[in-house]
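For reference, the structure discussed in these notes is given below.
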């Protein structure tokens with residue numbers, strides 16, 4: 001028997017009571033992405049007693065995540081995010097069931113996974129996965145609690161809720177246009193995903209409890225700098241939804257081609273030098289130091305990579321590095337999108353690379 | 001007539017303001033956007049949706065309201 005004392009502040013609310021708490025304990029929620037949005041979502045739904053929680057994330061915790069991903073501490077660095085989150089959440093609430101999926105969400109696994117849950121929560125950081133979540137949720141008829149951020153602004157909505165609009169009714173995928181902030185290294189105010197993720201957790205709890213007004217058919221936009229909150233009405237587009245449902249039989253055969261930084265192949269400088277036929281590319285700006293000149297290196301700043309593809313020797317394995325390893329990962333992603341696949345990003349930073357080369 | 005136009009996210013970075021009043025004589029949203037592209041040419045390549053009076057509308061919607069908003073999708077998480 002679960003000690004209900006844990007939830008007495010919920011039970012004290014006439015809108016929740018013991019019956020509402022029982023609904024939470026029976027609910028099954030899948031959170032996709034245990035990052036900036038995923039951390040506060042998971043923290044609040046676990047604390048609230050959502051009885052079954054799934055967490056899917058392939059990424060590992062990096063030190064630069066700790067500025068906003070509040071479930072993790074220094075001891076989590078290097079661990080898979082889904083697994084590190086599970087450890088922390090199980091300590092927060094050991095009476096609920098938590099399953100971690102340390103893998104990438106794909107067209108192949110999404111449908112089976114979604115069928116085991118009542119509500120899907122989108123805490124991802126790229127458009128391709130957002131469309132994949134939307135489509136798989138349409139096919140399995142599950143509501144999606146959506147959140148997304150850009151610098152100081154956030155968006156929240158609930159899609160596919162009781163036949164409401166879907167993400168494609170809001171943004172049909174205009175791939176020929178430039179989209180802002182797809183993974184990469186866009187800056188973000190650390191507390192913003194905390195606010196937006198908490199709003200998502202709020203929607204999850206309201207859906208389970210069947211209280212209040214759900215943000216279905218509405219997009220809330222929040223600006224952390226001036227507290228401006230805008231709510232826009234979204235109309236359902238049957239045409240957009242039919243396009244997805246008509247192709248549901250071939251859904252699993254689609255490839256998830258998109259690669260965020262987690263998919264970039266990394267290599268140590270020592271391993272790279274063991275390869276026979278390589279081209280080393282420095283993607284730092286030419287003014288950056290330390291200069292590395294003890295070995296043949298091609299300099300192509302990331303900012304001008306796409307204009308200098310002729311400098312890349314496609315017959316060789318391409319090994320990229322930069323100051324910290326971040327831009328070289330981005331460069332690998334860009335090259336992959338251009339179908340240049342034989343690329344690796346060096347794990348070490350420029351000082352470590354220089355030192356290694358000097359000690360050979 | 002004039003209309004209030006609100007910008008969000010990356011769109012507001014291009015326009016360098018979050019809202020402004022714009023004088024226009026156009027009838028529908030796509031004609032209005034053509035006018036806006038003259039002022040901000042780089043908007044043309046950006047993905048965004050338009051809302052009129054807090055409701056998302058298609059590009060052929062007639063301009064009837066007092067406020068338009070240009071809303072880009074956000075990816076971050």
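Filter region A:65-80 down to residues that are over 19 Å from residue A:189 (Cα atoms) and either under 16 Å from the mean Cα position of the chain (by Cα) or part of a loop (DSSP other than H, G, I, E, B) (or both), then give me how many there are. Reasoning before the result, please.
Residues of region A:65-80 over 19 Å from residue A:189 (Cα atoms): A:74-80.
With either under 16 Å from the mean Cα position of the chain (by Cα) or part of a loop (DSSP other than H, G, I, E, B) (or both) added as a condition, the list becomes A:77-80.
Residues meeting the conditions: 4.
Which of the residues belonging to region A:120-178 are facing chain B (nearest Cβ under 7 Å), out of contact with any helix residue (DSSP H, G or I) (no Cβ under 7 Å at 6 or more places or on another chain) and assigned to a strand (DSSP E or B)?
Once the filter is applied, which keeps residues that are facing chain B (nearest Cβ under 7 Å), out of contact with any helix residue (DSSP H, G or I) (no Cβ under 7 Å at 6 or more places or on another chain) and assigned to a strand (DSSP E or B), region A:120-178 yields A:148, A:155.
Would you confirm whether or not region A:205-222 contains a residue that is touching a strand residue (DSSP E or B) at 6+ places or on another chain (Cβ under 8 Å) and in a helix (DSSP H, G or I)?
yes
Which residues, counting only those in region A:268-285, are within 15 Å of residue A:327 (Cβ to Cβ) and touching a strand residue (DSSP E or B) at 6+ places or on another chain (Cβ under 6 Å)?
Passing the criteria: A:280, A:281, A:282, A:283.
Looking at the structure I just gave you, is residue A:94 within 18 Å of residue A:29 (Cα to Cα), assigned to a loop (DSSP other than H, G, I, E, B) and over 16 Å from the mean Cα position of the chain (by Cα)?
yes
Taking the condition of being modelled with pLDDT of 95 or more, farther than 15 Å from residue A:154 by Cβ and assigned to a loop (DSSP other than H, G, I, E, B), how many residues in region B:1-17 meet it?
2
Select from region A:179-204 the residues that are at the interface with chain B (Cβ under 10 Å from one of its Cβ atoms) and either in a loop (DSSP other than H, G, I, E, B) or modelled with pLDDT under 95 (or both) and list them in ascending order.
A:179, A:180, A:181, A:182, A:183, A:184, A:186, A:187, A:188
Name every residue in region A:105-119 that is outside any helix (DSSP H, G or I) and either within 14 Å of another protein chain (Cβ to nearest Cβ) or surrounded by 18 or more Cβ atoms within 10 Å (Cβ to Cβ) (or both), in order of residue number.
A:105, A:117, A:119
Can you tell me how many residues in region A:12-34 are free of Cβ contacts under 8 Å to residues at least 12 places away in the same chain and under 22 Å from residue A:117 (Cα atoms)?
2
Considering only residues that are part of a loop (DSSP other than H, G, I, E, B), surrounded by fewer than 17 Cβ atoms within 10 Å (Cβ to Cβ), touching a strand residue (DSSP E or B) at 6+ places or on another chain (Cβ under 6 Å) and in contact (Cβ under 8 Å) with a residue 24 or more places away in the chain, which ones fall in region B:28-60?
Residue satisfying the conditions is B:60 alone.
Filter region A:252-270 for residues that are modelled with pLDDT of 60 or more and buried (at least 18 other Cβ atoms within 10 Å of the Cβ) and give the result.
First, the residues of region A:252-270 that are modelled with pLDDT of 60 or more: A:252-256, A:263-270.
Residues satisfying the conditions are A:264, A:267, A:269.
Within region A:325-351, track down each residue that is within 21 Å of residue A:285 (Cα to Cα) and free of Cβ contacts under 8 Å to residues at least 12 places away in the same chain.
Hits for region A:325-351: nothing passes.
Taking region A:283-306 as the search range and keeping residues that are touching a helix residue (DSSP H, G or I) at 6+ places or on another chain (Cβ under 8 Å) and buried (at least 17 other Cβ atoms within 10 Å of the Cβ), which one is farthest from residue A:336 (Cα to Cα)?
If we take residues in region A:283-306 being touching a helix residue (DSSP H, G or I) at 6+ places or on another chain (Cβ under 8 Å) and buried (at least 17 other Cβ atoms within 10 Å of the Cβ), then A:292 is farthest from residue A:336 (Cα to Cα).
Going by what's in this entry, would residue A:309 be described as touching a helix residue (DSSP H, G or I) at 6+ places or on another chain (Cβ under 9 Å) and either in a loop (DSSP other than H, G, I, E, B) or over 29 Å from residue A:61 (Cβ atoms) (or both)?
Spelling it out, residue A:309 is indeed touching a helix residue (DSSP H, G or I) at 6+ places or on another chain (Cβ under 9 Å) and either in a loop (DSSP other than H, G, I, E, B) or over 29 Å from residue A:61 (Cβ atoms) (or both).
Just for region B:16-27: of the residues that are touching a residue at least 12 places away in the same chain (Cβ under 8 Å) and within 14 Å of another protein chain (Cβ to nearest Cβ), which one is farthest from residue A:149 (Cα to Cα)?
Once the filter is applied, the top-ranked residue is B:19.
Take residue A:331 and decide whether it is more than 24 Å from residue A:360 (Cβ to Cβ), in a helix (DSSP H, G or I) and assigned by TED's automatic domain parsing to the domain that holds residue A:132. Before you say what the answer is, go through the steps one by one.
Numbers: more than 24 Å from residue A:360 (Cβ to Cβ): yes; in a helix (DSSP H, G or I): yes; assigned by TED's automatic domain parsing to the domain that holds residue A:132: no.
Answer is no for this residue.
For residue B:54, all conditions in the list (1) at positive phi; (2) more than 10 Å from chain A (Cβ to nearest Cβ) hold save one; what is the number of the exception?
Result: residue B:54 passes all but (2).
The values are calculated or read from the model by the stated rules, or taken from the named source; none is laboratory data. Note that the coordinates shown come from a computational prediction; the quantities given were computed from them, not determined experimentally. Virtual Cβ from ideal backbone geometry, glycine too; neighbours counted across all protein chains shown.
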